[in-house]
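Beneath this line is the structure, given in structure tokens, with notes to follow.
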Amino acid sequence: MLGVRGPFPEAELCHPLDRQWLHYAFLSSTGSHAVISNLSVLGSEPPGDGSAARWEPQRMAILLVHDPVHGWSSTQFNANAPDPAWSAFRLPHPHASPAAFEVAAVAGRPAVDLRLSRTSRPCTAQSAPFGDDQFLRWQSEPGVRGSGTLRSPRGDVHCELVGYHERVRGRWSWPVLGGWVFGFANAPSDDPVAPPPWSVVFTLIQPEYPRDAANGSVMLWRDGRMVRHFPRRRLEVAVHGQLDRDRVVLVPPLAATLATAPAPVVPGRLLITARLGEDRLVLDFRPTTAARIANPSETSLKPFSVHELLGGCVIEGVIAGRRFAFETHGIVEFAGDARDD
């Protein structure tokens, strides 16, 4: 009655580039601790001997933990993760019903032992076609709350967290995908179980072709419900300066075996402006540190870099004649540079 039990439809991944991703990103109330995890499945392909048999889909999982004193720690891509994993998109899924989410390195650290619960509603699913026959479909939900233990190589800490969850599926290769920029911010709240008073999520996909693909949006939630959607053609993105390269850490630990090239420039400031009629929203993000994940590329010799940026942000806007503004901490992710030229 409510749809598939999810978080994805029960459809076979029938192409080597078919993918499913579950993305998790959380910050402590002070922004000092962070947890980022990606759980992915990559499609199988015929074994090449003419038989009807297929290889099993490839499953990968990575966990990043940021500690304000010791910085970033990361698992390899073979982290132990729950199957099935917690997801706000798994139905039925009532609010305020905490469930376990545990991801750990094979060696034991870093690791997280969290209880997650949803407080908000998701945005509508969005699709981004690009290339000749490739596409990406995603759905976001901010205001996810977590409570539990973060285990880094230097020790354990108990944290109350609030963040963001996303599901992504589609068929794409890194070079054709080109790159993307996405991020979120939840306004501070003194209520440990209520949704954030305001939440912002933005996405900008930049494929190699077609150049005019309108793949992106800025979305605004108030008290857990989405109240405005600014489409791609109504937003502008500007960057200024660059983050000190000493603040960019290469992960996972075996990334050096990929002959990873020097890091591209990480913007020192990101400004996103969205307008639609009389409504407007401005997000000003200033990163303080970044983890650069070097992902192997299935169709290119060069790895594909995904940067996870932590920092403070200021958000202001006008919606239906109502002004709002807040300062908080956010996470921005941008990716690109899987090219052989």
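The values are calculated or read from the model by the stated rules, or taken from the named source; none is laboratory data. These numbers come from a predicted model, not from an experiment. Neighbour counts are summed over all protein chains in view; Cβ atoms, including those assigned to glycine, are modelled from backbone coordinates with ideal geometry. The accessibility values were calculated without ligands, DNA or RNA, using every heavy atom of the protein model including side chains. Shrake-Rupley method; radii C 1.70, N 1.55, O 1.52, S 1.80 Å.
Structure above, values below:
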{"quantity": "Descending principal axes extents, segment 194-341, alpha-carbon based, whole Å", "calculated": "53, 34, 30"}
{"quantity": "Mean ellipticity per residue at 222 nm, deg cm²/dmol - from DSSP H runs of n ≥ 4 across the chain, formula -39500 (n - 2.57)", "calculated": "0 deg cm²/dmol"}
{"quantity": "Accessible surface, 1.4 Å probe, highest first, among residues His23, His158", "calculated": "His158, His23"}
{"quantity": "Segment 84-162, Cα convex hull volume normalised per residue, Å³", "calculated": "144 Å³"}
{"quantity": "Surface per residue (accessible, 1.4 Å probe) for the chain, Å²", "calculated": "46 Å²"}
{"quantity": "Area accessible to solvent at Val157, 1.4 Å probe radius, in Å²", "calculated": "50 Å²"}
{"quantity": "Segment 311-335-segment 172-248 distance, computed between alpha-carbon centres (Å)", "calculated": "11 Å"}
{"quantity": "R0 of 41 Å, Cβ-Cβ distance Arg115-Arg211: FRET efficiency to nearest 0.05", "calculated": "0.35"}
{"quantity": "Cys313, Cys14, ranked by accessible area, largest first (probe 1.4 Å)", "calculated": "Cys14, Cys313"}
{"quantity": "Accessible surface of segment 92-172 [probe 1.4 Å, protein heavy atoms]: carbon and sulfur percent", "calculated": "48 percent"}
{"quantity": "Cα pair count fraction exceeding 14 Å, expressed as % - segment 150-193", "calculated": "72 percent"}
{"quantity": "Förster-model FRET efficiency, 41 Å R0, Glu298 and Val69, C-beta, rounded to 0.05", "calculated": "0.65"}
{"quantity": "Which of Glu102, Glu308 is most accessible, then next, and so on - probe 1.4 Å", "calculated": "Glu102, Glu308"}
{"quantity": "Sites Ala100 and Arg137, calculated FRET efficiency, Cβ-Cβ separation with R0 25 Å, nearest 0.05", "calculated": "0.35"}
{"quantity": "Separation of the Arg245 and His15 label points, Cα + 7 Å toward Cβ, nm", "calculated": "3.8 nm"}
{"quantity": "Cα shape, segment 75-118, gyration tensor, a/c 1.5 rule", "calculated": "prolate"}
{"quantity": "Point-charge dipole on Cβ atoms (K/R +1, D/E -1) for segment 16-170, about Cα centre, debye to 20", "calculated": "420 debye"}
{"quantity": "Potential extension, Leu271-Ser29 segment - 0.36 nm per residue separation minus Cα distance", "calculated": "84.8 nm"}
{"quantity": "Only Lys, Arg (+1) and Asp, Glu (-1) charged, at Cβ; the chain dipole about Cα centre in debye", "calculated": "700 debye"}
{"quantity": "With DNA, RNA and ligands ignored, accessible area of Ser44 (1.4 Å probe; Å², nearest 10)", "calculated": "10 Å²"}
